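K.L.:
My questions will all concern the structure given below.
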Amino acid sequence: MKSEAFKRQPWYSDHLEKLKVSFKWIGFGLLTGIIVGFCASIFAKLIVAVTALRLAHTWILYFLPLAGIPIVWLYHKAGSAGVGGTNMVLGAIREEKQVPGLLAPLIFISTVLTHMFGGSAGREGAALQMGGSMGNMLGQIFRFGKNDRRRVTMCGMSAAFSALFGTPLAAAVMPMEISTVGIIYYSALVPCAIASLTAHQIAKWMGLESEAMLLASVPAFTPLRGLFFALFAALCALVSILFCTSMHKTEHLLSKHIKNDYVKIVSGGILIILLTMMVGDQTYNGAGSGILASCVLDPQFKAGWYMFLLKILFTVVTLSAEYKGGEIVPSLFIGATFGNFFGNLTGQDPALCAAVGMACVFCGVTNCPLAALLISFELFGFEAMPYLLLAVSLTYLFSGNYGIYTGQTIRYSKFTPGRIDAKTH
């Protein structure tokens, strides 16, 4: 009879198993970064192309209501009518569920249509859905188990976000942070980081440029300026709460009173046309990246007090009416214009206020303070770190349990130690 010593595994077996798992996730991160990065780069190029087409031929906007019809038809035909989009992906991460494979082509086509015909939406939020769906599909192809679903979904999200936004550091962290406030899924760090870096290189190879807007100069941090930016952070938290509550209440109102999705989306398209005619131009249609750059880089640019409010209105109408796209770039637009206006009003550096405003409103609507800081460092440089660190931290606190994604769960309270398991509102 063999002794127990002979039945034990060799001392190196555990290390070999860990090494095998490590190479598995390194390989999956590389593959996901290549495939998702390539698809996301094509998506980004299409968004740029259709936006340029619309701006060159402004009459295209008048077909927005008709463009909504194929969007609704596609989702109904795929059996995904009423699908939760990003909220569904966040729930899938938290509960280790599968993300439907059809979500990737659906969000790809419908977001391109929304941008082409003038809906107010972003692209990075759509990337989270597309990347999560593709990452999940790759996991199924390679027969990854149920316990791996969370990581494969986040891996795809990192790749898509990195390729589209050009911020690989933030893209690696955001999917681990966004689904459950108070918890970061560090087990996904390796595949997310590798997928993010790989997708970023793929995007650069395909000719996508970084969206960095480095600040020309940053005033020295002083206690008085710190006090000012603490007040500014509180105001940014209120702006983010306004955006979130407007979105949720409008979605509820339309769902309650307009049951037919075709009627809803056509009505929303007509309203966007009327709003654009009242404004007189297409400043608030699409993502509005040009305004973002002007708020930070153009010292002569002065945002009106109404600009952030109009962007909230345009975005709420667009997304509540079931047009597709993301909420992240609109939140950056809202923060940049509010910050630029507030900086000019108070005599502070408007470019710095715009940069801090972007980071704060992004943090307030997503409840992702680490991602907000990392995005800011990659976009604006590290010189503004004291202002960004202070303002983002306070905005995260002051925004409370509000958030743009109702599928997000607040596991631990922002105010006191303890588990609360509350939904954002």
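Where a number appears in this text, it was derived from the coordinates with a stated rule and is not lab data. Computed from a prediction, not measured in an experiment: that's the story for all the values here. Positions of Cβ are backbone-derived with ideal geometry, glycine not excepted, and every protein chain shown enters the neighbour counts.
K.L.:
Amide H of Gly122: which non-local residues (sequence gap of 5 or more, or other chain) have their own amide H closer than 5 Å, using H built in the peptide plane?
P.N.:
Gly326, Glu327, Ile328, Val329
K.L.:
For Asp261, what is the net charge nearby, where nearby means another residue's Cβ is under 13 Å from its Cβ and Lys, Arg count +1, Asp, Glu -1?
P.N.:
Net of charged neighbours comes to +2.
K.L.:
Still on this structure, I have one more. Within a Cβ distance under 12 Å of Val112, other residues only, what is the Lys/Arg minus Asp/Glu net charge?
P.N.:
Result for the neighbourhood of Val112: +4.
K.L.:
Just to confirm the filter: which chymotrypsin sites (Phe, Trp or Tyr not before Pro) across segment 265-372 are DSSP coil and have at most 16 other Cβ within 10 angstrom of their Cβ?
P.N.:
Trp305, Tyr306
K.L.:
Follow-up. What does the helix-only formula give at 222 nm for the chain: each DSSP H stretch with n ≥ 4 adding -39500 (n - 2.57), the total divided by the residues, and the result rounded to the nearest 500 deg cm²/dmol?
P.N.:
Taking each H run of at least 4 residues, the total per residue is -22500 deg cm²/dmol.
K.L.:
Would you list, by chain and number, the lysines whose Cα falls below 27 Å from the Cα of Lys264, excluding same-chain residues fewer than 8 positions away?
P.N.:
Hits, sequence-local ones excluded: Lys77, Lys249, Lys256, Lys311, Lys324, Lys423.
K.L.:
To test your reading of the geometry: what angle, between 0 and 90 degrees and rounded to tens, separates the Cα axis of helix 189-205 from the longest principal axis of the chain?
P.N.:
Helix 189-205 sits roughly 50 degrees off the main axis of the chain.
K.L.:
Also, quick follow-up: Ranking Val218, Val99 by Cβ neighbours within 10 Å, fewest first, what do you get?
P.N.:
Val218, Val99
K.L.:
Quick check on the exposure proxy: order Leu352, Leu128, Leu189 from fewest to most C-beta atoms within 10 angstrom.
P.N.:
Leu189, Leu352, Leu128
K.L.:
Calculate one ³J(HN,Hα) per residue across segment 379-385 by plugging θ = phi - 60° into the Karplus curve 6.51 cos²θ - 1.76 cosθ + 1.60, and present them in order as whole Hz with x for glycine and proline.
P.N.:
Values, residue by residue: 7, 10, x, 8, 4, 8, 3 Hz.
K.L.:
Per-residue HN-Hα couplings for segment 95-108, Karplus 6.51 cos²θ - 1.76 cosθ + 1.60 at θ = phi - 60°, whole Hz, x for Gly and Pro?
P.N.:
Values per residue, Gly and Pro as x: 9, 6, 9, 7, 9, x, x, 5, 4, 4, x, 5, 6, 4 Hz.
K.L.:
Next question. How big is the shadow of the Cα convex hull of segment 16-205, averaged over all directions, in nm²?
P.N.:
11.0
K.L.:
Here is a follow-up. When Lys and Arg each count +1 and Asp and Glu each count -1, what net charge do the other residues less than 12 Å away from Ala372, Cβ to Cβ, add up to?
P.N.:
Every neighbour counted, the sum reads -2.
K.L.:
On to the next question. Non-local amide H neighbours of Val181 (under 5 Å, H modeled in plane, Pro and chain starts lacking H): which ones?
P.N.:
Thr409, Ile410, Arg411
K.L.:
Same structure, new question: Output wanted: per-residue J couplings in Hz (rounded whole) for segment 325-341, from phi through Karplus 6.51 cos²θ - 1.76 cosθ + 1.60, θ = phi - 60°, x for Gly and Pro.
P.N.:
x, x, 9, 6, 5, x, 5, 5, 4, 4, x, 5, 5, 5, x, 4, 4
K.L.:
Take Arg143, Arg123, Arg94, Arg419 and order them by how many other Cβ atoms sit within 10 Å, fewest up front.
P.N.:
In order of increasing Cβ crowding within 10 Å: Arg143, Arg419, Arg94, Arg123.
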